[in-house]
Every structure is written in structure tokens, then in C-alpha cells.
1. Add +1 for every Lys or Arg and -1 for every Asp or Glu among the other residues with Cβ under 15 Å from the Cβ of Leu53, and state the total.
2. When the dipole is taken about the Cα centre of the range 53-130, and only Lys, Arg (+1) and Asp, Glu (-1) are charged at their Cβ, what size is it in debye, to the nearest 20?
3. Quick one: 3J(HN,Hα) in Hz for the range 273-288, Karplus 6.51/-1.76/1.60 with θ = phi - 60°, rounded, Gly and Pro as x.
4. Determine the share of the range 251-369's accessible area contributed by carbon and sulfur atoms, expressed in whole percent, with a 1.4 angstrom probe.
5. Within a Cβ distance under 15 Å of Pro171, other residues only, what is the Lys/Arg minus Asp/Glu net charge?
6. Amide H neighbours of Lys168 under 5 Å, at least 5 residues apart or on other chains, H built in the peptide plane: list them.
7. How large, in Å, is the range 58-134 by the Kirkwood hydrodynamic radius built from its alpha-carbon pairs?
8. What is the range 260-362 by shape, rounded, prolate or oblate, if you read a ≥ b ≥ c off the alpha carbon gyration tensor as root eigenvalues and call it rounded for a/c under 1.5, prolate for a/b larger than b/c, and oblate otherwise?
Amino acid sequence: MLACLLVFASVSSAQELRVTRAPDDAESVAGIAIAGTEVVLGKFGLTAIGSDLTADILHFAVGDLAQLSLSPNAVDEVRTLRLYVGGVLFAEVAPHTATGYAPFVTELILPENYVQHITVTGLFNTVPDGADSGASVFLYFFEAHALGKATQFTTQVGLIGNRKVVYKTKPIITLPRQLGIKLGAGENPVIRFTIGADPAGPLAWRGITFQVSPVGADVVAAVDTVAGTTGNVAIRKVETATNLNIALASSGQTPFVDGFPNQGIPSGQSGYISVVLSNAERIPAGANFTYEFSLTFRNVSPVAGAAYVSVRAFINETVSAGPGNNLQDLVVRRDNSFVWSDHSSVAHSDSSPDWANGWGVPGLPSESVVTDNGSGIFQLPPPPPPPTVREERFIFPKDRWVFFAPVGV
């Protein structure tokens, strides 16, 4: 989460406009923005202190850096900003093509001591219309101009929304119903996972990493393997009941050291296993496939329930890969725990610049799946409770919308 500066100013101690950034939720959190859709870029609260106020101009901008700035670098991605008050469209404006500056002329009435919640969204261009796959977008809230009783003043805000990264589509990782196989010596399936493609478009994935924590058993070191051989790891496609070809399988107790030493993972330790497929696993738009990941164990405790292993799909990425990466760019860097492509290049291939890492992929990291040598039942934690719905109210000025298209800064 970005650390943001909050400053507020007033002409007198009696009147003041206070601006805060709302807590992150499923819409405003950092993540992937699908090209060609409307995406929440920021949520804020406006509070009039000392008297009723009218916020007549809210000064926003879009850019590609995690710091306040004016540049044209995100204008190709965001063609329009929209302002919602209480969930209702209130105004919209096109960012200036040279600076990304986008002021809303609002005449928004703010009752004293009431927090008025506002949401700013971006209408993203499609990739054919100019959006760059992998480009970052931030919303900047520079300042707000307000009218009070016989006075007017400007509040310096200085807030920044979370990073949104544009892709033509996105993968979604979930955990389906798990198997009930007891843990034993030799090869054992340890987790089933499902990868789906957003309805916006097809995708391909090529690499995935798991965090593995055994107790009462040792995980044998991963070795390079292909379907039909006796390698120590396997990924089986459930729908076709066939093992995928694996180009590289490596393991270690320290994650993402360049060139895994292919260490085993002993009992009581936590380690990481990275798998790169020989061929891209393609998923059509709106479809999903389920896969089964297997490991090889030895020194399994003979006592029922004394041996178990916890496995989850892992995410190491803290920043997106950015635009313009081919497959080799990401595979050679072992700190990328998930490698996929949004097929945004017209001629997609291993060498096309449309490959991405696991940053922002929904479902990463996954929940942990645990199986043992007693019951053999894979266990998942209960799902989180549904989010609460907050009611909001708003006041329209003069029962009309106000639209503003800037011609300069």
C-alpha cells in the first residue's frame, strides 16, 4: 500500500475541507485493470468542517508513477475519468493529453460534519485503441477548491490511488474440491488448482511456484522431467487425464535464488518448488482448467496422522513486470513465481512482448491445502464472510450533472 501525504488547509480555523482516502476494498485495491472496461481508481471522503461547503473544483490527474506528477504517460490507457457520488454518476472529464490533468467542476454541496464519499473511475482504452499491455496507472488527487460562507479556499490534498496494471485479460486462480488420498512414500498428489481466463480474452500460462511445508516426511528434490518419465514432480491436467510436459522443475529451501540448487525439503522445513512448462498451456476466454500437482516423498512416518504436508500456490512478486516482456525475460528471472500472457500481441509467441508475472493475479497466493497419512483428507480454511454493504447519500447541485473538458492546464 502506498504511503500518501494528507494535508489540509483553511482560510480560518472555523472553516475547513478535510479530504481522506477511503479504506481499500475489492474495487480500489491494487491489481489488474482489464483494457476496455471501467475500473475504480480511487475512493475518498470529503468533510466540511465549521459550516456547509461547496466543493466546486476537484483537481485530479492520471499518471504511471507512484508519486504526484503531471505527464502524458497514462493518457493512452485512460480516456475518461468519472466521478461518482453515493454510487451515482456525477461528472466526467477527459484527461489532458499532454499532462493527464483532469479537473472535475462539481458544485458538490457538503453538509457540515458529514463525510461525503466519492469514487473516481477510469474508462480504459482497449489494446487496439492504444492501451499498452502491462502499463501502470495511478490516480492523483492534487487539491480541492471549496466555497464557504463569504470565502473560498483551496485544500492541498496530495493523495494517490493504488496501482492498476492494464492487461487485455487476466488469469483467476481458485482451489476446487480436493482429493482424499493418504500421504505415503513415492509420488503423491498434493493440491488441485484451477486457472481460469477472464471473459475479456484468452490467455496462456507457462510457469508456477508452490510453497511446500512437510512434517513427518521429506520432499524429494525436484528434477527436470517430461510427461511419462519418472520425474519427482508432475502437473496433471484433470480434464484430459494427461501430464503436462515440464521443461524445468527446481526446488530449494530459499525462494528464488538464481539457479535453484535442487535441494529437497526435509521434515519441519518450508521450501519452494518452481515448474516451467515446455509448452504454453492455453485457456480460452471465459474457460478454466483444473490441474493436479504431485510431489515425491520419502522417510514418511509410519504413525497415522504424524506425517502431513501443507501446499499452496505461491506469489513472490511485489511489483508488476511492466510492459514489453517476452517469455525468456521472465523465465530467466527466477523471482517470477507465475508466468502468463494476455495474448495482446497480434502475433503471439514465446518471443512476443506480451508476457507478465504473477503480480495482481487474483487467487495468488492461494489458501494452503493440507493432507496427512491418517485421514488423507485435504483441508481448506472456511471461506471469508461476505463484505458488508455501506449505504451512502449524496446531494446534487441544482439537480444537474456538470461536465468539463479541459483544453489546457
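The values are calculated or read from the model by the stated rules, or taken from the named source; none is laboratory data. Everything numeric in this text was worked out from a predicted model, so none of it was measured. Here Cβ is always computed from backbone atoms with ideal geometry, including for glycine, and neighbour counts include all displayed protein chains. Heads up: the accessible areas ignore ligands, DNA and RNA and are worked out on the full protein's heavy atoms, side chains in. Shrake-Rupley method; radii C 1.70, N 1.55, O 1.52, S 1.80 Å.
1. In short, -4.
2. It comes to approximately 60 debye.
3. 10, 10, 10, 10, 7, 5, 10, 5, 9, 8, 10, x, 4, x, 9, 8
4. Within the range 251-369, the accessible surface is 48 percent carbon and sulfur.
5. My count for the surroundings of Pro171 gives -1.
6. Ala35
7. After inverting the mean inverse Cα-Cα distance, the result is 13.5 Å.
8. The shape class here is prolate.
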